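Heads up, the thing below is written out as C-alpha coordinates.
The values are calculated or read from the model by the stated rules, or taken from the named source; none is laboratory data. Model, not experiment: these values are computed from the prediction. Cβ: placed from backbone, ideal geometry, glycine included. Neighbour counts: every protein chain shown. Only protein heavy atoms, including side chains, enter the accessible area calculation; ligands, DNA and RNA are left aside. Shrake-Rupley method; radii C 1.70, N 1.55, O 1.52, S 1.80 Å.
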Amino acid sequence: MLQAGQADSDESAQKALSTFSEAYWPPLYTFVRRRGYSPSDAQDMVQGFFQHLFEQNALSKAEQEKGRLRTFLLSSLQNSMRDEHGRAQALKRGGGQQVISLDQRTAEAEAAMSACMHLDDATSYDLTWASSIVKRAWQQMQKNLAAEGKAEWLSELRPFVDGAGAAPPNQQEVANRLGVPIATLRTWLARLRHRYREILRAEVAGTVSDPASVDQELRYLHQILMA
(Lines give C-alpha, C1' and ligand atoms only; values in the text may rest on other atoms or scores of the structure.)
Protein backbone atom coordinates (compact mmCIF):
# COMPACT_ATOMS: atom_id res chain seq x y z
CA MET A 1 0.00 0.00 0.00
CA LEU A 2 2.95 2.32 0.48
CA GLN A 3 3.34 2.16 -3.30
CA ALA A 4 -0.10 3.72 -3.70
CA GLY A 5 1.38 7.16 -4.14
CA GLN A 6 3.87 5.99 -6.76
CA ALA A 7 1.53 4.64 -9.47
CA ASP A 8 2.47 5.66 -12.99
CA SER A 9 -0.84 5.71 -14.89
CA ASP A 10 -4.17 7.29 -13.99
CA GLU A 11 -5.79 3.86 -13.95
CA SER A 12 -3.20 2.31 -11.67
CA ALA A 13 -3.22 5.40 -9.46
CA GLN A 14 -6.99 5.17 -9.04
CA LYS A 15 -6.77 1.47 -8.25
CA ALA A 16 -4.04 2.09 -5.71
CA LEU A 17 -6.03 4.93 -4.16
CA SER A 18 -9.12 2.73 -3.89
CA THR A 19 -7.19 -0.15 -2.25
CA PHE A 20 -5.47 2.21 0.16
CA SER A 21 -8.72 3.95 1.07
CA GLU A 22 -10.60 0.72 1.73
CA ALA A 23 -7.95 -0.34 4.23
CA TYR A 24 -7.38 2.95 6.04
CA TRP A 25 -10.64 4.84 5.78
CA PRO A 26 -12.31 2.93 8.70
CA PRO A 27 -9.59 3.53 11.35
CA LEU A 28 -9.07 7.16 10.36
CA TYR A 29 -12.82 7.82 10.26
CA THR A 30 -13.16 6.22 13.71
CA PHE A 31 -10.44 8.47 15.10
CA VAL A 32 -12.01 11.64 13.69
CA ARG A 33 -15.45 10.67 15.00
CA ARG A 34 -13.98 10.07 18.44
CA ARG A 35 -12.73 13.66 18.34
CA GLY A 36 -16.30 14.96 18.18
CA TYR A 37 -16.95 15.35 14.46
CA SER A 38 -20.35 14.48 13.01
CA PRO A 39 -20.50 11.50 10.61
CA SER A 40 -20.75 13.76 7.54
CA ASP A 41 -17.91 16.05 8.65
CA ALA A 42 -15.74 13.04 9.52
CA GLN A 43 -16.38 11.61 6.05
CA ASP A 44 -15.34 14.87 4.41
CA MET A 45 -12.30 15.21 6.64
CA VAL A 46 -10.92 11.77 5.82
CA GLN A 47 -11.75 12.03 2.12
CA GLY A 48 -9.98 15.37 1.93
CA PHE A 49 -7.05 13.99 3.89
CA PHE A 50 -6.66 11.16 1.37
CA GLN A 51 -6.79 13.59 -1.55
CA HIS A 52 -4.11 15.71 0.09
CA LEU A 53 -1.86 12.67 0.65
CA PHE A 54 -1.98 11.73 -3.00
CA GLU A 55 -1.79 15.24 -4.40
CA GLN A 56 1.34 15.90 -2.33
CA ASN A 57 2.75 12.37 -2.73
CA ALA A 58 3.01 12.37 1.05
CA LEU A 59 3.18 8.58 1.30
CA SER A 60 6.69 8.71 -0.12
CA LYS A 61 7.75 10.33 3.16
CA ALA A 62 6.72 7.23 5.09
CA GLU A 63 8.72 5.17 2.59
CA GLN A 64 11.81 7.34 3.01
CA GLU A 65 11.59 7.30 6.80
CA LYS A 66 11.11 3.51 6.83
CA GLY A 67 8.12 3.99 9.05
CA ARG A 68 4.87 2.21 9.71
CA LEU A 69 2.04 3.51 7.58
CA ARG A 70 -0.36 3.04 10.51
CA THR A 71 1.49 5.50 12.74
CA PHE A 72 2.48 7.84 9.90
CA LEU A 73 -1.14 8.31 8.85
CA LEU A 74 -2.42 8.95 12.36
CA SER A 75 0.31 11.51 13.03
CA SER A 76 -0.36 13.23 9.69
CA LEU A 77 -4.10 13.32 10.32
CA GLN A 78 -3.61 14.81 13.77
CA ASN A 79 -1.40 17.51 12.31
CA SER A 80 -4.07 18.28 9.72
CA MET A 81 -6.76 18.48 12.37
CA ARG A 82 -4.67 20.91 14.42
CA ASP A 83 -4.27 23.16 11.38
CA GLU A 84 -7.49 25.17 11.09
CA HIS A 85 -6.73 26.25 7.52
CA GLY A 86 -5.72 22.78 6.47
CA ARG A 87 -8.85 21.36 8.07
CA ALA A 88 -11.08 23.77 6.15
CA GLN A 89 -9.32 22.87 2.90
CA ALA A 90 -9.67 19.17 3.65
CA LEU A 91 -13.39 19.56 4.18
CA LYS A 92 -13.66 21.46 0.91
CA ARG A 93 -11.70 18.87 -1.05
CA GLY A 94 -13.38 15.91 0.58
CA GLY A 95 -16.82 17.28 -0.04
CA GLY A 96 -16.16 17.52 -3.75
CA GLN A 97 -15.01 14.00 -4.54
CA GLN A 98 -15.40 10.58 -2.97
CA VAL A 99 -12.51 8.20 -3.42
CA ILE A 100 -14.62 5.26 -2.20
CA SER A 101 -18.31 4.51 -1.74
CA LEU A 102 -19.13 5.60 1.79
CA ASP A 103 -22.57 4.21 2.62
CA GLN A 104 -21.48 0.74 3.66
CA ARG A 105 -18.10 1.90 4.93
CA THR A 106 -19.70 4.43 7.25
CA ALA A 107 -22.09 1.86 8.70
CA GLU A 108 -19.23 -0.56 9.32
CA ALA A 109 -17.05 2.12 10.87
CA GLU A 110 -19.86 3.34 13.13
CA ALA A 111 -20.40 -0.24 14.34
CA ALA A 112 -16.68 -0.64 14.97
CA MET A 113 -16.58 2.65 16.84
CA SER A 114 -19.43 1.54 19.11
CA ALA A 115 -17.47 -1.59 19.98
CA CYS A 116 -14.46 0.56 20.93
CA MET A 117 -16.18 3.10 23.14
CA HIS A 118 -14.35 1.83 26.24
CA LEU A 119 -10.96 2.48 24.62
CA ASP A 120 -9.04 5.71 24.14
CA ASP A 121 -8.92 7.36 20.71
CA ALA A 122 -5.52 6.03 19.64
CA THR A 123 -6.27 2.48 20.76
CA SER A 124 -9.61 2.58 18.95
CA TYR A 125 -7.73 3.62 15.82
CA ASP A 126 -5.29 0.72 16.18
CA LEU A 127 -8.05 -1.82 16.84
CA THR A 128 -10.02 -0.68 13.81
CA TRP A 129 -6.82 -0.84 11.75
CA ALA A 130 -6.12 -4.40 12.91
CA SER A 131 -9.71 -5.49 12.22
CA SER A 132 -9.52 -3.97 8.74
CA ILE A 133 -6.28 -5.83 7.96
CA VAL A 134 -7.78 -9.14 9.11
CA LYS A 135 -10.95 -8.52 7.11
CA ARG A 136 -8.94 -7.88 3.96
CA ALA A 137 -6.92 -11.05 4.53
CA TRP A 138 -10.07 -13.14 4.85
CA GLN A 139 -11.56 -11.55 1.75
CA GLN A 140 -8.43 -12.53 -0.17
CA MET A 141 -8.64 -16.04 1.25
CA GLN A 142 -12.26 -16.30 0.12
CA LYS A 143 -11.34 -15.07 -3.35
CA ASN A 144 -8.52 -17.62 -3.64
CA LEU A 145 -10.63 -20.55 -2.49
CA ALA A 146 -13.54 -19.54 -4.70
CA ALA A 147 -11.21 -19.58 -7.70
CA GLU A 148 -10.27 -23.15 -6.73
CA GLY A 149 -13.87 -24.24 -6.27
CA LYS A 150 -13.39 -24.65 -2.52
CA ALA A 151 -15.29 -21.66 -1.16
CA GLU A 152 -17.59 -23.86 0.94
CA TRP A 153 -14.59 -24.97 2.99
CA LEU A 154 -14.01 -21.58 4.52
CA SER A 155 -17.24 -21.19 6.49
CA GLU A 156 -16.69 -24.60 8.07
CA LEU A 157 -12.96 -24.27 8.68
CA ARG A 158 -12.62 -20.59 9.59
CA PRO A 159 -13.42 -21.10 13.32
CA PHE A 160 -10.37 -23.36 13.56
CA VAL A 161 -8.12 -20.75 11.96
CA ASP A 162 -9.01 -17.27 13.17
CA GLY A 163 -9.44 -18.10 16.87
CA ALA A 164 -12.67 -16.10 17.13
CA GLY A 165 -15.42 -17.30 19.41
CA ALA A 166 -15.31 -19.29 22.64
CA ALA A 167 -14.16 -22.61 21.18
CA PRO A 168 -13.87 -24.18 17.71
CA PRO A 169 -16.43 -26.81 16.65
CA ASN A 170 -15.83 -30.52 17.07
CA GLN A 171 -13.44 -31.64 14.34
CA GLN A 172 -15.12 -34.98 13.80
CA GLU A 173 -18.52 -33.35 13.34
CA VAL A 174 -17.09 -30.94 10.77
CA ALA A 175 -15.33 -33.79 8.96
CA ASN A 176 -18.64 -35.65 8.82
CA ARG A 177 -20.43 -32.61 7.37
CA LEU A 178 -17.75 -32.21 4.71
CA GLY A 179 -17.73 -35.94 4.00
CA VAL A 180 -14.00 -36.46 4.57
CA PRO A 181 -11.89 -38.48 7.04
CA ILE A 182 -10.75 -36.51 10.07
CA ALA A 183 -7.13 -36.95 8.95
CA THR A 184 -8.01 -35.15 5.71
CA LEU A 185 -9.71 -32.38 7.66
CA ARG A 186 -6.59 -31.87 9.77
CA THR A 187 -4.45 -31.68 6.64
CA TRP A 188 -6.79 -29.05 5.21
CA LEU A 189 -6.61 -27.07 8.46
CA ALA A 190 -2.81 -27.09 8.45
CA ARG A 191 -2.74 -25.88 4.86
CA LEU A 192 -5.42 -23.26 5.47
CA ARG A 193 -3.60 -21.87 8.51
CA HIS A 194 -0.41 -21.61 6.48
CA ARG A 195 -2.16 -19.85 3.61
CA TYR A 196 -3.90 -17.45 5.96
CA ARG A 197 -0.63 -16.57 7.71
CA GLU A 198 0.97 -15.86 4.34
CA ILE A 199 -1.92 -13.67 3.18
CA LEU A 200 -2.04 -11.79 6.49
CA ARG A 201 1.69 -11.28 6.36
CA ALA A 202 1.40 -9.87 2.84
CA GLU A 203 -1.31 -7.44 3.98
CA VAL A 204 0.85 -6.23 6.86
CA ALA A 205 3.96 -6.06 4.66
CA GLY A 206 2.12 -3.57 2.48
CA THR A 207 1.87 -1.18 5.43
CA VAL A 208 5.56 -0.93 6.33
CA SER A 209 8.50 0.30 4.28
CA ASP A 210 11.11 -1.73 6.17
CA PRO A 211 10.69 -5.53 5.77
CA ALA A 212 12.31 -5.94 9.18
CA SER A 213 9.22 -4.36 10.75
CA VAL A 214 6.72 -6.91 9.42
CA ASP A 215 7.07 -9.40 12.26
CA GLN A 216 6.80 -6.63 14.84
CA GLU A 217 3.64 -5.28 13.23
CA LEU A 218 2.17 -8.79 13.06
CA ARG A 219 2.83 -9.26 16.77
CA TYR A 220 1.21 -5.92 17.50
CA LEU A 221 -1.79 -6.81 15.37
CA HIS A 222 -2.32 -10.03 17.35
CA GLN A 223 -1.76 -8.20 20.60
CA ILE A 224 -4.35 -5.50 19.89
CA LEU A 225 -6.92 -8.05 18.72
CA MET A 226 -6.43 -10.27 21.76
CA ALA A 227 -6.46 -7.43 24.31
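Only residues that are crowded, with 17+ Cβ neighbours inside 10 Å and out of contact with any helix residue (DSSP H, G or I) (no Cβ under 6 Å at 6 or more places or on another chain) were counted across the range 209-227, and they come to 2. The set of residues in the range 10-39 being in a helix (DSSP H, G or I) and either within 21 Å of residue 82 (Cβ to Cβ) or at pLDDT 90 or above (or both) consists of 24, 25, 27, 28, 29, 30, 31, 32, 33, 34.
The rows are residues; the columns are (1) out of contact with any Lys or Arg (no Cβ under 9 Å at 6 or more places or on another chain); (2) at pLDDT 90 or above; (3) within 24 Å of residue 46 (Cβ to Cβ).
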{"site": "113", "(1), (2), (3)": "no, no, yes"}
{"site": "163", "(1), (2), (3)": "yes, no, no"}
{"site": "179", "(1), (2), (3)": "yes, yes, no"}
{"site": "187", "(1), (2), (3)": "yes, yes, no"}
{"site": "191", "(1), (2), (3)": "yes, yes, no"}
{"site": "202", "(1), (2), (3)": "yes, yes, no"}
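Of the numbered criteria (1) over 20 Å from residue 223 (Cβ atoms); (2) open to solvent by 30 Å² or more (accessible area, probe 1.4 Å), the one residue 136 fails is (1).
Test residue 153 against the criterion of being over 19 Å from residue 185 (Cα atoms) and aromatic (Phe, Trp, Tyr), and give yes or no. So residue 153 does not fit the description; no. Those helices (runs of 4 or more DSSP H) of the range 137-227 in which 2 or more residues are more than 20 Å from the chain's Cα centre (by Cα), aromatic (Phe, Trp, Tyr) and over 22 Å from residue 72 (Cα atoms) occupy 151-162. Every test in (1) without any contact (Cβ under 8 Å) to a residue 12 or more places away in the chain; (2) open to solvent by less than 70 Å² (accessible area, probe 1.4 Å); (3) over 21 Å from residue 28 (Cβ atoms) is passed by residue 143 save one, and that test is (2).
Going through (1) part of a helix (DSSP H, G or I); (2) closer than 22 Å to residue 213 by Cβ; (3) modelled with pLDDT of 75 or more one by one, residue 57 falls short only on (1). On inspection, residue 86 does not qualify as modelled with pLDDT under 65 and closer than 29 Å to residue 216 by Cβ.
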